[in-house]
1. Within region 75-90, which residues are surrounded by fewer than 23 Cβ atoms within 10 Å (Cβ to Cβ) and either under 16 Å from residue 131 (Cβ atoms) or more than 15 Å from the chain's Cα centre (by Cα) (or both)?
2. Looking at 100, 66, 62 in this structure, which one is more than 19 Å from the chain's Cα centre (by Cα), assigned by TED's automatic domain parsing to the domain that holds residue 181 and of a type outside the set (Val, Ile, Thr)?
3. Among (1) in contact (Cβ under 8 Å) with a residue 12 or more places away in the chain; (2) closer than 28 Å to residue 216 by Cα; (3) surrounded by fewer than 18 Cβ atoms within 10 Å (Cβ to Cβ); (4) not hydroxyl-bearing (Ser, Thr, Tyr), which single condition is residue 97 missing?
4. Filter region 140-156 down to residues that are closer than 13 Å to residue 86 by Cα, touching a helix residue (DSSP H, G or I) at 6+ places or on another chain (Cβ under 6 Å) and either part of a loop (DSSP other than H, G, I, E, B) or in contact (Cβ under 8 Å) with a residue 60 or more places away in the chain (or both), then give me how many there are.
5. Report the residue count in region 223-246 for those that are outside any loop (DSSP other than H, G, I, E, B), at pLDDT below 90 and under 24 Å from the mean Cα position of the chain (by Cα).
6. Any chance you could count how many residues in region 318-331 are over 20 Å from residue 193 (Cα atoms) and surrounded by 13 or more Cβ atoms within 10 Å (Cβ to Cβ)?
7. Inside region 291-306, can you point out the residues that are in a loop (DSSP other than H, G, I, E, B) and surrounded by 17 or more Cβ atoms within 10 Å (Cβ to Cβ)?
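The values are calculated or read from the model by the stated rules, or taken from the named source; none is laboratory data. Predicted model, so just to flag it, every value in this text is computed and none were measured. With ideal geometry, Cβ positions are generated from the backbone for all residues, glycine too; neighbour counts draw on all protein chains shown.
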Amino acid sequence: MSVVARTLLGPGPTNPYPEATAALAQPLLGHLDPAFLTMLDETCDRLRAVYRTDNSRTLPLSATGSAGMEAAFVNTVGPGDVVVVGVNGLFGLRMCDVASRCGAEVVRVDASWGQPLDVEAVLTAHPSPKLIAAVHAETSTGIRNDVAAIAAGKGDALFLADCVTSLAGIELAVDEWGIDLAYSGTQKCIGVAPGLAPFTISERAWARRIERPQSWYLDLGMLGGYVGETAGGGGRTYHHTAPTAMVASLHAGLGRILEEGLEAVIARHAAVGKSLQDGLQSMGLELFAALGHRLPELTTVRVPDGVDSVAVRAKLLHHYNIEIGAGAGEFAATVWRIGLMGHNARPDIVTVILGALGEILDNRA
């Protein structure tokens, strides 16, 4: 989406935490080096702490968050399986696409973009689905869906949560809420460059997995080298060459979060998001996401009537070194998306973006 030198990168990659950037610059370790394997184990432990789970199979998949989505589906869903998907944005749509490619019978439950999913509608869409899926923080609209309530009512179904924009940004408790599978990305609130998919799967979901999924690369049963186990128990097996520099960066970024304190990091995102949203409204701008369900880390705001969205974004980028995102789908020209995540979730960034945007809107022809 942009280079990390930008002052503000939303809704895509944020400026990484300095520790994560420094880790990328260190001499490379081999993927079988004992020092790397120790770092990998520590990284998995740190992911468990941030996900708030005891799942033994919690690891950084060697691909972006979209591969985390695909891994969740291909390992649990096969031809004819019923999958209920809540859709109120672009990434719910992508879940439907991936599930259908696995041969699933997809039962889609829609809500208007900018509005939260109706929990009861999702839970009653089918009497016996194998899997229910929903996006926790819908990046395309700035909406938070109540995945805790969906997970609580899932019954015998497995529950999958897309946590790409929520992990380390808003409250998330995988074990307490009963989430069976979750995936995220490194470039959002974790504050690391994109390239890994933090992933977790419960014992309950593992017991129901597909033994030989369609994807070789994303077959979780072959990832013993990542989680320190094999089908026979103990030891490590070779599957693929792990991206050691990216794991080192994630290790450092997670360490920074845990040093600050996860609750403090979540509170920081909340305070900064509220400050930005209050400031935008004080300028007379209208927020897009429904009140009570707005994400603090990803703010969606309607483009004022008569304003050229592309021109404003270009001026922010070239005159102020700030990037904000366009809307998604039918809202591409009528909504702006502003991400304050990870290292960018700071009060000084709020001041910068409000000042720059206000100056451009005040001076427009």
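1. Result: 78, 79, 80, 81, 82.
2. Details: 66 fails: more than 19 Å from the chain's Cα centre (by Cα); 62 fails: more than 19 Å from the chain's Cα centre (by Cα).
Sole residue among the options that is more than 19 Å from the chain's Cα centre (by Cα), assigned by TED's automatic domain parsing to the domain that holds residue 181 and of a type outside the set (Val, Ile, Thr): 100.
3. Every listed condition holds for residue 97 apart from (1).
4. The qualifying residues number 2.
5. Residues flagged as outside any loop (DSSP other than H, G, I, E, B), at pLDDT below 90 and under 24 Å from the mean Cα position of the chain (by Cα) within region 223-246 amount to 2.
6. Residues flagged as over 20 Å from residue 193 (Cα atoms) and surrounded by 13 or more Cβ atoms within 10 Å (Cβ to Cβ) within region 318-331 amount to 5.
7. In the first step, residues of region 291-306 are kept if they are in a loop (DSSP other than H, G, I, E, B); the result is 291-293, 295-297, 303-306.
Correct list: 293, 295, 296, 297, 303.
Here's the yes/no breakdown for (1) at pLDDT below 95; (2) crowded, with 24+ Cβ neighbours inside 10 Å; (3) touching a Leu at 6+ places or on another chain (Cβ under 9 Å); (4) assigned to a loop (DSSP other than H, G, I, E, B):
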position: 109; (1), (2), (3), (4): no, no, yes, no
position: 117; (1), (2), (3), (4): no, yes, no, yes
position: 127; (1), (2), (3), (4): no, no, no, yes
position: 132; (1), (2), (3), (4): no, yes, yes, no
position: 161; (1), (2), (3), (4): no, yes, yes, no
position: 170; (1), (2), (3), (4): no, no, yes, yes
position: 194; (1), (2), (3), (4): yes, no, no, yes
position: 198; (1), (2), (3), (4): no, yes, yes, no
position: 206; (1), (2), (3), (4): no, no, yes, no
